[in-house]
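Single-structure report; data block below.
The values are calculated or read from the model by the stated rules, or taken from the named source; none is laboratory data. Nothing here was measured: the structure is a model prediction, and the numbers come from that model. Using ideal geometry, Cβ is built from the backbone for each residue, glycine included, and neighbour counts are taken over all protein chains shown. In case anyone asks, the SASA skips ligands and DNA or RNA and just uses the protein heavy atoms, side chains included. Shrake-Rupley method; radii C 1.70, N 1.55, O 1.52, S 1.80 Å.
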Amino acid sequence: MFVATEVKLHSPVPWAFYQGPASLVGASQYQHVSAWLSSNRSDPFLALRAAGEQNQVRVVAYFDGNKFRALPASFPVPLGLKPGWYELLGTVGSQGLAWSSVRPFP
């Protein structure tokens, strides 16, 4: 379980936490992962570990008003978000990634 009461960026900037199917973040050698992502596309993983099978996707990321920092561009952005940190829960289906819960983080 990950619990935070405050988030401050020191280094690296930016980052995101991801848990779910590995294929969505380009870690095809695994089936499911928990990963800390950076915006460096040549080396996107700050930390990566294999995870047990999960049907749910969990993300903690900063929304800058246009996109989520450090997440793949293919991740959908829910309508009406203001800049800030969010925790998103979703599933991957035939239509791709769909968010079922979006809430401010922490």
Restricting attention to region 1-17, does a residue exist that is in contact (Cβ under 8 Å) with a residue 12 or more places away in the chain and touching a His at 6+ places or on another chain (Cβ under 9 Å)? no
Filtering region 44-101 for residues that are more than 23 Å from Tyr30 (Cα to Cα) and out of contact with any strand residue (DSSP E or B) (no Cβ under 7 Å at 6 or more places or on another chain) leaves a count of 7
Considering only residues that are out of contact with any helix residue (DSSP H, G or I) (no Cβ under 8 Å at 6 or more places or on another chain) and among the hydrophobic types (A, V, I, L, M, F, W, C), which ones fall in region 72-102? Ala73, Val77, Leu79, Leu81, Trp85, Leu88, Leu89, Ala98, Trp99, Val102
What is the number of the single condition among (1) surrounded by 12 or more Cβ atoms within 10 Å (Cβ to Cβ); (2) modelled with pLDDT under 85; (3) over 23 Å from Pro106 (Cβ atoms) that Pro12 does not meet? (3)
For region 19-42, enumerate the residues that are open to solvent by 40 Å² or more (accessible area, probe 1.4 Å), farther than 21 Å from Tyr62 by Cα and not in a loop (DSSP other than H, G, I, E, B). Ser23
